[in-house]
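Let me begin by presenting the structure, written as C-alpha cells, before commenting on it.
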Amino acid sequence: MGTAAIEVRGLWKIFGAKADRIIGSPDATLEPAALRSKTGCTAAVRDVSFDVRPGEVFVVMGLSGSGKSTLVRCLSRLIEPTAGTVSIGGEDVRAMSGAQLRDLRRHRVSMVFQHFGLLPHRRVVDNVAYGLEVQGVGRKARHEKASEILSLVGLKGHEESYPDQLSGGMQQRVGLARALAVDPEVLLFDEPFSALDPLIRRDMQAEVIRLHREVGKTMVFITHDLHEALKLGERIAIMRDGAIVQVGTPEELVGAPADAYVTDFIRDVSRAQVLSLRWICRRPEDGEPLDGPALPASTVIQDAVPAAMETDRPLRVVDGDRLVGVVDRVDILGAVRNTIRATQGAV
C-alpha cells in the first residue's frame, strides 16, 4: 500500500432513492434484478477494491452492464460514489473540494472516451491544446506542446486540419493527444476504440502499447473485449454485476480462472499463445538428460515450438540460473494440440 498510483477500497455506486441505506443491509446481497424489484435501486458498483501500480496498464473488463464504465468515472468523481474510498497519488479523491477536484482533472488525471468529443470548429492543434488553454498556458507555449504531442501520436502535419477532415482513427489519436498534452499522472480510457473498425482498432491498440512504452503513464483501460484486455493489460480485473470476480495477469486468468464465469469468458482464448512454459513444465524424471537447450520460464508456449522441434532432448526451463523444470516436444505439442481442440470445440 502507499506505493500504489490508485487505491480503491470498498467502493459502491448505487443509483436510486435512499441508496446509502442499502449498504450494510441484507438488500446489499440481492441479485441485481431482485434489488431493483424490491428497492428501485441499481447497484452499478458493489464493494470494489483494487490497487493500480505506478506505470501499470490496468484493464477493467466485463460485459455490458457489468459496471466497468461507472467504476472508471467514479475514480475522478465524474460520477459521485455512494461509499468507499478512492486515492490517487496518495490523496483522498472523495475528500477533495470542488477546487481540488478541478485541479485533479486539469493537471493529474486525463480521460479518453469512446466518443472523441472534439470541438468541430477548432483546428486539431487547438483541440489538443484545449486542456492547456484551460490551465492558462499561453498560446505559443500550448501550441508548441500540442505540436510535440501530435508528432508523438503520429499526426505531425495535421495541426491545421479540422476534426471532420480526419478519419475515425485519426480523430481518436487527437483525443489521445489531448489527454497526453497536460502531462497527467494517470490516463483513464473508457472503451475508447469500441466504435472503430477492427483494423483501425488494432492499430490504436498498438499505439497505446507504443505510447505506454515511451511515456510510461499509469493507465486504467475499460473494455468489453477480452482479446483487447489480454493484449493491453499487465493485470486485468473482470467485473460481473458491479463486483470484481477476479484480478490477475493474463496468464493467471487464462491458466487459473477463479470460477465458471471467468472460465466461460476465456474459453475461446488460445492458451498456447498466452501461457508460458512455467505452466506446463515438470520435474525431470530419474535419468532424464539435462543438457538440452534452456528457455526462460516466461517463454510463451507457442514460441517454444521451434526450439522443441530442433532437439530430441528435453528443454530446460529456467528462471535466471535456477532450473524450474523441463518440457519436451510431447509436452509442448500436447499443449498446442489441446488449445486447438478447445478452440474448435467452442466454435
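Quick check on my filter: what residues within segment 48-85 are polar (S, T, N, Q) and either open to solvent by less than 40 Å² (accessible area, probe 1.4 Å) or over 25 Å from Gly216 (Cα atoms) (or both)?
Taking segment 48-85 first, the residues polar (S, T, N, Q) are 49, 64, 66, 69-70, 76, 82, 85.
Within segment 48-85, Ser64, Ser66, Ser69, Thr70, Ser76, Thr82, Thr85 meet the criteria.
Please find, among Val8, Val45, the residue that is touching a Cys at 6+ places or on another chain (Cβ under 8 Å) and closer than 30 Å to Leu226 by Cβ.
Details: Val8 fails: touching a Cys at 6+ places or on another chain (Cβ under 8 Å).
On inspection, the qualifying residue turns out to be Val45.
It is to be established whether one or more residues within segment 95-115 are open to solvent by 40 Å² or more (accessible area, probe 1.4 Å), in a strand (DSSP E or B), in contact with a helix residue (DSSP H, G or I) (Cβ under 9 Å, 6 or more places away or on another chain) and touching a residue at least 24 places away in the same chain (Cβ under 8 Å). Please lay out each step first, then the result.
To start, the set of residues in segment 95-115 that are open to solvent by 40 Å² or more (accessible area, probe 1.4 Å) comprises 95, 97-100, 102-103, 105-107, 113-115.
Still in the list and also in a strand (DSSP E or B): 113.
Within this subset, residues satisfying the condition of being in contact with a helix residue (DSSP H, G or I) (Cβ under 9 Å, 6 or more places away or on another chain) are 113.
Keeping just the survivors that are touching a residue at least 24 places away in the same chain (Cβ under 8 Å) gives 113.
Taking every residue of segment 95-115 in turn, at least one turns out to be open to solvent by 40 Å² or more (accessible area, probe 1.4 Å), in a strand (DSSP E or B), in contact with a helix residue (DSSP H, G or I) (Cβ under 9 Å, 6 or more places away or on another chain) and touching a residue at least 24 places away in the same chain (Cβ under 8 Å).
Inside segment 241-331, counting only strands (runs of 3 or more DSSP E) that do not spill past its ends, which hold 1 or more residues that are more than 30 Å from Ala44 (Cα to Cα)?
Working: elements: 243-248, 294-296, 315-319, 322-327.
Output list reads 294-296, 315-319, 322-327.
Every residue in segment 156-176 that is over 13 Å from Met204 (Cα atoms) and of a type outside the set (Ser, Thr, Tyr), please.
First, pick out the residues of segment 156-176 that are over 13 Å from Met204 (Cα atoms): 156-166.
Of everything in segment 156-176, those that are over 13 Å from Met204 (Cα atoms) and of a type outside the set (Ser, Thr, Tyr) turn out to be Lys156, Gly157, His158, Glu159, Glu160, Pro163, Asp164, Gln165, Leu166.
When segment 256-286 is examined, which residues are found to be open to solvent by less than 20 Å² (accessible area, probe 1.4 Å) and without any contact (Cβ under 8 Å) to a residue 60 or more places away in the chain? Steps first, please.
Start the filter on segment 256-286 by keeping residues that are open to solvent by less than 20 Å² (accessible area, probe 1.4 Å), which leaves 262, 266, 269, 272, 275-277.
Once the filter is applied, which keeps residues that are open to solvent by less than 20 Å² (accessible area, probe 1.4 Å) and without any contact (Cβ under 8 Å) to a residue 60 or more places away in the chain, segment 256-286 yields Val262, Ile266, Val269, Ser276, Leu277.
Kindly check whether there is at least one residue in segment 218-239 that is closer than 21 Å to Gly62 by Cβ, over 11 Å from the mean Cα position of the chain (by Cα) and crowded, with 18+ Cβ neighbours inside 10 Å.
Yes, segment 218-239 contains at least one residue that is closer than 21 Å to Gly62 by Cβ, over 11 Å from the mean Cα position of the chain (by Cα) and crowded, with 18+ Cβ neighbours inside 10 Å.
Filter segment 169-192 down to the residues that are over 18 Å from Ile222 (Cα atoms) and either open to solvent by 10 Å² or more (accessible area, probe 1.4 Å) or among the charged types (D, E, K, R) (or both) and list them by number.
Matches in segment 169-192: Met170, Gln171, Arg178, Val182, Asp183.
Quick one: Ala17 ticks every box in (1) buried (at least 20 other Cβ atoms within 10 Å of the Cβ); (2) small (Gly, Ala, Ser); (3) assigned to a loop (DSSP other than H, G, I, E, B) bar one, so which box is it?
Ala17 satisfies all of (1) buried (at least 20 other Cβ atoms within 10 Å of the Cβ); (2) small (Gly, Ala, Ser); (3) assigned to a loop (DSSP other than H, G, I, E, B) except (1).
Restricting attention to segment 212-238, report how many residues are in a helix (DSSP H, G or I) and among the small types (Gly, Ala, Ser). Write out each step before concluding.
Quick first cut of segment 212-238, residues in a helix (DSSP H, G or I) only: 212-215, 226-232.
In the following step, the residues that additionally are among the small types (Gly, Ala, Ser) were identified as 229.
Residues flagged as in a helix (DSSP H, G or I) and among the small types (Gly, Ala, Ser) within segment 212-238 amount to 1.
Can you work out which of the residues in segment 20-47 that are small (Gly, Ala, Ser) and either at positive phi or not in a helix (DSSP H, G or I) (or both) is surrounded by the most Cβ atoms within 10 Å (Cβ to Cβ)? Walk me through it before giving the result.
First, pick out the residues of segment 20-47 that are small (Gly, Ala, Ser): 24-25, 28, 33-34, 37, 40, 43-44.
Then keep just the ones that are either at positive phi or not in a helix (DSSP H, G or I) (or both); that gives 24-25, 40, 43-44.
Details: Gly24: 10, Ser25: 10, Gly40: 12, Ala43: 28, Ala44: 23.
Going through the qualifying residues, I end up with Ala43.
The values are calculated or read from the model by the stated rules, or taken from the named source; none is laboratory data. The model shown is predicted, which means the values in this text are computed figures rather than measured ones. Quick reminder, even Gly has a Cβ in these numbers, built from the backbone with ideal geometry, and neighbours come from all protein chains shown. For the accessible areas, the whole protein counts, side chains as well, though only heavy atoms, and no ligand, DNA or RNA atoms are used. Shrake-Rupley method; radii C 1.70, N 1.55, O 1.52, S 1.80 Å.
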